[in-house]
């Protein structure tokens with residue numbers, strides 16, 4: 001092995017372990033959330049991302065700090081991968097005022113100005129126009145940025161999907177539409193919702209460059225997202241990536257999962273994105289037991305700290321109930 | 001537009017809005033106008049005629065017919081640092097964008113714990129009187145005034161049409177401006193140095209001691225006509241123009257009602273579940289022992305706006321019905 005190749009291999013190993021670490025952070029964070037939900041410490045709707053971690057981690061790895069993200073109500077993973085502080089994210093899950101949205105949003109409405117994370121939108125399809133507008137602002141100011149708009153296959157049936165793709169293509173706006181096709185809009189399988197299920201094909205019909213990507217393979221996701229983001233950043237107009245993925249858990253904590261077979265879930269679990277990356281690393285001799293244990297220990301410590309932070313957090317005084325409705329309070 | 005007396009310009013309401021737009025685009029480099037047919041066509045009510053030639057297609061943006069997405073793009077562009085002015089052709093069409101107005105524009109500041117404000121102006125034509133039937137002529141501003149997080153303003157005069165836009169544009173929160181479509185051809189005088197108009201206060205348009213008519217928008221002019229009729233009968237009528245429907249300036253309203261002790265609310269909205277009901281309830285709570293008579297309301301008949309002129313006229317508050325309501329309180 002030449003020196004250059006060795007350096008590259010070292011770099012790749014560090015990067016790959018970083019991807020693994022990010023996916024594990026999301027997995028453990030959400031497993032903890034499910035536990036806290038059962039204990040009554042997290043309430044409201046809780047939509048777990050478990051199984052889909054490769055999409056958020058690979059996509060966020062392709063971005064710079066200047067880029068923006070508009071996500072959905074299943075956004076814990078994107079927030080963590082983007083760099084939203086786990087402590088503040090967990091405090092948000094609790095509804096504490098130390099939360100990233102001061103506790104006002106909860107699980108479905110994660111916002112973070114520091115990382116340009118614009119929610120947390122719980123109306124399916126509702127985030128797409130906002131992403132188009134953020135990109136419009138960048139285009140009008142000649143800023144070389146990308147706005148990543150995350151949404152699911154359910155959103156593809158919404159009018160706002162079609163309107164937003166049309167407008168972004170018409171105005172050549174720097175949006176990366178990231179469709180997480182997990183096959184189910186809540187309980188409705190994609191074939192029961194879309195007359196044609198080829199999401200990338202719909203984008204192409206609008207003149208948008210689009211590709212379908214294995215959403216369980218974090219390396220493939222990152223590569224596709226990097227290529228797309230680079231083309232978008234250099235003025236190539238919007239792109240769409242359709243990530244084939246699957247959620248291992250129920251839609252929310254209230255879902256009895258009557259609409260899909262356990263066998264199907266088990267089949268997809270064999271392609272668990274974390275296990276796939278571990279296998280690849282192990283086969284390449286890049287991950288030994290000690291390295292893996294170190295990652296686990298780090299992640300476990302971070303999640304424990306986050307829970308501690310949220311537990312120690314405080315409830316916003318009721319006297320502040322009506323703050324932040326208006327920036328300029330009514331006269 | 002022509003200059004008449006020294007330092008006074010005579011112009012239509014339409015011209016006043018156009019001047020306000022021109023001023024905004026000159027003074028605020030982040031401002032731009034977008035909507036259906038605002039550019040090449042010149043605006044469906046000819047308000048933005050000439051602006052495309054003056055400011056170019058980057059700042060005067062014709063949009064596809066996709067209300068939800070161009071309103072949402074306005075929200076996104078505001079988040080991205082711009083000061084968008086979005087024109088929705090007519091009030092009924094804003095229903096296609098209610099998701100963006102109600103679920104995003106009104107909530108993002110709150111849901112984000114105060115991290116993100118939405119400095120967005122949405123303009124639209126409202127109201128009946130031009131035989132446009134039941135999908136182009138409703139008065140839904142009072143309905144939107146139900147929503148915390150947005151401001152609702154209704155300029156009824158040339159001076160307010162000229163002066164409110166700049167104030168709205170400088171506001172850090174979303175402001176919806178409702179322009180009564182029957183007023184676009186109305187003429188009025190504007191002092192050369194007429195400045196911005198605040199969007200926090202109602203104003204007394206005519207002073208009187210016997211009865212107060214509370215109104216806004218196109219109905220203001222009917223109320224003033226009614227007041228003229230009543231004056232000839234010896235009834236001294238005060239007319240309050242609400243101007244801003246959210247937040248309501250109850251200080252001005254209560255002061256007038258306390259003085260005259262008799263109140264007519266003339267509102268082009270429907271009576272049931274309405275802004276007029278809200279004002280009546282607040283006045284009753286505040287002035288229960290001061291009022292000489294029950295609060296009277298003159299509203300649009302509970303019918304979708306009909307096409308034939310005689311039926312449309314019959315559906316709407318008119319000077320005669322407003323005057324009749326006032327007389328009943330006196331006698």
(message) Is it the case, given these coordinates, that residue B:219 is under 14 Å from the mean Cα position of the chain (by Cα), touching a residue at least 12 places away in the same chain (Cβ under 8 Å), part of a helix (DSSP H, G or I) and not assigned by TED's automatic domain parsing to the domain that holds residue B:256?
(response) no
(message) Name the residue that is farthest from the other protein chains (Cβ to nearest Cβ), counting only residues in the range A:99-140 that are in a strand (DSSP E or B) and touching a residue at least 24 places away in the same chain (Cβ under 8 Å).
(response) A:117
(request) Starting from residues that are surrounded by fewer than 22 Cβ atoms within 10 Å (Cβ to Cβ) and in a loop (DSSP other than H, G, I, E, B), keep the ones in the range A:87-98 and report whichever is nearest to the other protein chains (Cβ to nearest Cβ). (result) A:97
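Just give me the residues in the range A:166-194 being free of Cβ contacts under 8 Å to residues at least 60 places away in the same chain and closer than 26 Å to residue B:70 by Cα, in sequence order. Don't jump to the end; show me each part of the working.
Of the range A:166-194, the ones free of Cβ contacts under 8 Å to residues at least 60 places away in the same chain are A:166-167, A:170-171, A:190-194.
Matches in the range A:166-194: A:166, A:167, A:170, A:171, A:193, A:194.
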(message) Suppose the filter is surrounded by fewer than 18 Cβ atoms within 10 Å (Cβ to Cβ), more than 16 Å from the chain's Cα centre (by Cα) and modelled with pLDDT of 95 or more; does residue A:255 pass it?
(response) no
(request) Exactly one condition in (1) surrounded by 12 or more Cβ atoms within 10 Å (Cβ to Cβ); (2) at pLDDT below 95; (3) away from every other protein chain (no Cβ under 14 Å) is not met by residue A:330; state its number. (result) (3)
(request) Taking the residues in the range B:49-68 that are assigned to a helix (DSSP H, G or I) and either modelled with pLDDT under 95 or more than 7 Å from chain A (Cβ to nearest Cβ) (or both) as candidates, determine which candidate is nearest to residue B:121 (Cα to Cα). (result) B:67
(message) If a residue must be surrounded by fewer than 24 Cβ atoms within 10 Å (Cβ to Cβ) and either touching a strand residue (DSSP E or B) at 6+ places or on another chain (Cβ under 8 Å) or within 11 Å of chain B (Cβ to nearest Cβ) (or both), how many such residues does the range A:141-151 contain?
(response) 4
(request) Could you check how many residues of the range B:26-40 are away from chain A (no Cβ under 14 Å) and either in contact with a strand residue (DSSP E or B) (Cβ under 7 Å, 6 or more places away or on another chain) or within 27 Å of residue B:99 (Cα to Cα) (or both)? (result) 3
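For the range A:63-74: of the residues being within 22 Å of residue A:126 (Cα to Cα) and out of contact with any helix residue (DSSP H, G or I) (no Cβ under 8 Å at 6 or more places or on another chain), which is farthest from the other protein chains (Cβ to nearest Cβ)?
Filtering first and then ranking leaves A:74.
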(request) Of all residues in the range B:127-176, count the ones that are assigned to a loop (DSSP other than H, G, I, E, B), over 16 Å from the mean Cα position of the chain (by Cα) and within 14 Å of chain A (Cβ to nearest Cβ). (result) 5
(request) Filter the range A:162-180 down to residues that are part of a helix (DSSP H, G or I) and surrounded by 24 or more Cβ atoms within 10 Å (Cβ to Cβ), then give me how many there are. (result) 5
(message) Looking at B:71, B:102, B:17, B:91, can you tell me which residue is buried (at least 16 other Cβ atoms within 10 Å of the Cβ), at pLDDT below 95 and within 19 Å of residue B:141 (Cα to Cα)?
(response) B:91
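Tell me, yes or no, whether the range B:104-121 has at least one residue that is more than 30 Å from residue A:95 (Cβ to Cβ) and not in a strand (DSSP E or B).
We begin by selecting, within the range B:104-121, every residue more than 30 Å from residue A:95 (Cβ to Cβ); these are B:121.
Keeping just the survivors that are not in a strand (DSSP E or B) gives none.
No, the range B:104-121 contains no residue that is more than 30 Å from residue A:95 (Cβ to Cβ) and not in a strand (DSSP E or B).
Does the range A:37-48 contain at least one residue that is in contact with a helix residue (DSSP H, G or I) (Cβ under 7 Å, 6 or more places away or on another chain), outside any loop (DSSP other than H, G, I, E, B) and farther than 30 Å from residue A:142 by Cα? Walk me through how you get there before you give the answer.
Let us first name the residues in the range A:37-48 that are in contact with a helix residue (DSSP H, G or I) (Cβ under 7 Å, 6 or more places away or on another chain), namely A:41-42, A:46, A:48.
From what's left, outside any loop (DSSP other than H, G, I, E, B): none.
No.
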(request) Answer yes or no: is there a residue in the range A:182-199 that is in contact with a strand residue (DSSP E or B) (Cβ under 7 Å, 6 or more places away or on another chain), over 19 Å from residue A:248 (Cα atoms) and not in a loop (DSSP other than H, G, I, E, B). (result) yes
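The values are calculated or read from the model by the stated rules, or taken from the named source; none is laboratory data. Nothing here was measured: the structure is a model prediction, and the numbers come from that model. Cβ atoms come from the backbone with ideal geometry, glycine included; neighbour counts cover every protein chain shown.
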